[in-house]
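Just below is one structure, and these are the notes that go with it.
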Amino acid sequence: MPPVQALNVLPTAQWGLGLGRPLLIAGPCSAENEAQMLTTARAIKAGGRAQMFRAGSWKPRTRPGSFEGAGQDALTWLQQVKAETGLLTITEVATAEHVEACLKAGIDMLWIGARTTPNPFSVQAIADALKGVDIPVLVKNPINPDLQLWVGALERLHRSGLRKLAAVHRGFNWFERTPYRNSPMWEFPIRLKAAHPEIELICDPSHIAGQVDRIGTVAQQALDLGFGGLMVEVHHDPAHARSDAEQQMTPVAYDAFLAALLFREAAPTAGMRDDLAQLRDLIDQLDEEIAQKLSARMDIAERIGDYKREHQVAILQPERWDSILRRQLRLAGQLGLGDAFVREFMDAIHRESIRRQSAAAEEASSGLRSYADNGQNG
Ligand code: PEP
Ligand code: MN
């Protein structure tokens with residue numbers, strides 16, 4: 001795999017569009033008709049809590065037969081929205097033809113959707129169509145949890161000369177049931193940011209949550225993690241929306257949602273540093289203790305493994321694990337820790353214990369084998 005190289009991208013404030021932090025983008029999932037677009041945009045503008053209006057002109061639908069956006073006509077409505085409200089405009093592109101049409105219509109920004117990012121041919125075609133063009137592009141994470149495809153898409157655009165790039169986290173399709181439509185798997189955007197601190201992260205809490213009443217929690221988590229903006233689906237009449245009806249907010253709900261969010265500084269200001277340093281010391285100390293306790297726990301697991309081997313007992317003992325987990329979940333409730341978190345944490349510990357016990361068993365039996373071999377040979 002090629003080494004990770006910093007991308008020479010510009011922060012949103014230098015995109016020449018008057019954008020700041022947080023970057024707030026609101027608008028319907030799909031562009032349905034002129035009235036829907038203008039009614040929604042006017043109400044968003046009146047609330048004064050977004051700089052940019054989004055709408056999917058071409059909608060990549062998982063199955064055929066669903067509404068696929070109004071296509072080219074939607075670009076005219078986006079132009080109208082901008083002329084009337086002054087909101088900047090953004091839409092999704094998936095092909096070189098979409099790019100051409102958007103550039104001709106003067107759309108301010110483009111986004112690449114989660115079903116396009118994972119396809120290097122499609123991303124390359126978009127990147128080629130954008131060569132020499134100075135338009136900002138947001139790249140949504142691929143639908144599957146693969147960090148390399150996300151980075152790869154950003155790199156392809158960067159190679160085409162684009163410097164105004166940011167990443168949108170919209171969650172991942174995942175086979176396990178989660179309370180969300182798309183699993184947030186925060187470790188992926190965090191790893192992207194760790195590899196590329198120069199790339200701004202925007203969160204799309206609508207597609208992660210899948211339901212209006214969960215969007216606030218997801219958005220707050222993103223802000224707490226230092227995300228620099230939000231892209232939220234807003235529709236003047238969500239009940240009659242032609243796509244993603246359950247996750248679209250009314251403009252009034254959007255205003256209330258934003259008012260309830262706590263926006264934090266991206267980096268601590270001077271006065272905050274001392275308090276923060278003390279708290280960080282405490283965290284470091286606790287992390288150290290956690291590491292020591294984990295190491296002690298693994299040592300004991302290995303001793304149990306030795307015992308099981310000597311007594312020919314299977315490594316995996318589901319009833320025992322079940323009772324450990326139940327006890328921990330009870331304790332978690334008393335300590336105010338979330339069930340899902342404790343379950344995941346304990347599962348990781350369990351997997352590591354089993355791995356250690358299996359490795360020790362493997363080592364012991366290969367020792368036995370070579371002992372037997374030696375016996376035969378000698
Ligand atoms: C959208 O933003 O409406 C959309 C289709 O999102 P995603 O590509 O993240 O599914
Ligand atoms: Mn949508």
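The values are calculated or read from the model by the stated rules, or taken from the named source; none is laboratory data. On a predicted model such as this, the values are computed, not experimentally measured, just so you know. When we count neighbours, we look across all protein chains shown, and the Cβ atoms used for this are built from the backbone with ideal geometry, even at glycine. For the accessible areas, the whole protein counts, side chains as well, though only heavy atoms, and no ligand, DNA or RNA atoms are used. Shrake-Rupley method; radii C 1.70, N 1.55, O 1.52, S 1.80 Å.
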Residue tally, condition open to solvent by less than 90 Å² (accessible area, probe 1.4 Å), at pLDDT 80 or above, among the β-branched types (Val, Ile, Thr) and within 36 Å of the chain's Cα centre (by Cα), over the range 269-310: 1
Positions within the range 154-186 being within 20 Å of GLU92 (Cα to Cα) and within 16 Å of ligand 2 (Cβ to nearest atom), in sequence order: VAL168, HIS169, ARG170, GLY171, PHE172, ASN173, ASN182
Selection count where residues are more than 10 Å from ligand 1 (Cβ to nearest atom) and under 26 Å from the mean Cα position of the chain (by Cα), scope the range 26-39: 2
Extreme residue, modelled with the highest pLDDT, among residues of the range 68-113 that are in contact with a strand residue (DSSP E or B) (Cβ under 9 Å, 6 or more places away or on another chain) and at positive phi: GLY106
Residue ID - most open to solvent (accessible area, probe 1.4 Å), chosen from residues in the range 46-67 that are at pLDDT below 95 and more than 13 Å from ligand 1 (Cβ to nearest atom): ARG63
Number of the condition not met by GLY152 [criteria: (1) under 22 Å from LEU23 (Cα atoms); (2) in a helix (DSSP H, G or I); (3) small (Gly, Ala, Ser)]: (1)
Neighbours by Cβ (under 7 Å, 6+ apart or cross-chain): first from the range 166-180, within 14 Å of PHE227 (Cα to Cα); second within 10 Å of ligand 1 (Cβ to nearest atom) and acidic (Asp, Glu): VAL168/ASP204; HIS169/ASP204; ARG170/ASP204
Pairs with Cβ under 7 Å, 6+ apart, first in the range 139-151 and under 13 Å from ASN119 (Cβ atoms), second at pLDDT below 95 and within 14 Å of ligand 1 (Cβ to nearest atom): ILE143/ASN173; ASN144/ASN173
Every residue from the range 68-120 that is touching a residue at least 12 places away in the same chain (Cβ under 8 Å), surrounded by fewer than 22 Cβ atoms within 10 Å (Cβ to Cβ) and polar (S, T, N, Q): GLN72, THR76, GLN79, GLN80, THR85, THR95
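Residues are listed down the side, and each one gets a yes or a no for (1) within 14 Å of ligand 1 (Cβ to nearest atom); (2) in a helix (DSSP H, G or I):
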residue: ILE44; (1), (2): no, yes
residue: THR76; (1), (2): no, yes
residue: GLN79; (1), (2): no, yes
residue: ALA83; (1), (2): no, yes
residue: ILE107; (1), (2): no, no
residue: LEU110; (1), (2): yes, no
Members of the range 190-244 found to be of a type in the set (S, T, N, Q), within 16 Å of ligand 1 (Cβ to nearest atom) and open to solvent by 10 Å² or more (accessible area, probe 1.4 Å), listed by number: GLN211
Any hit, the range 139-153, residues being small (Gly, Ala, Ser) and within 24 Å of THR89 (Cβ to Cβ): yes
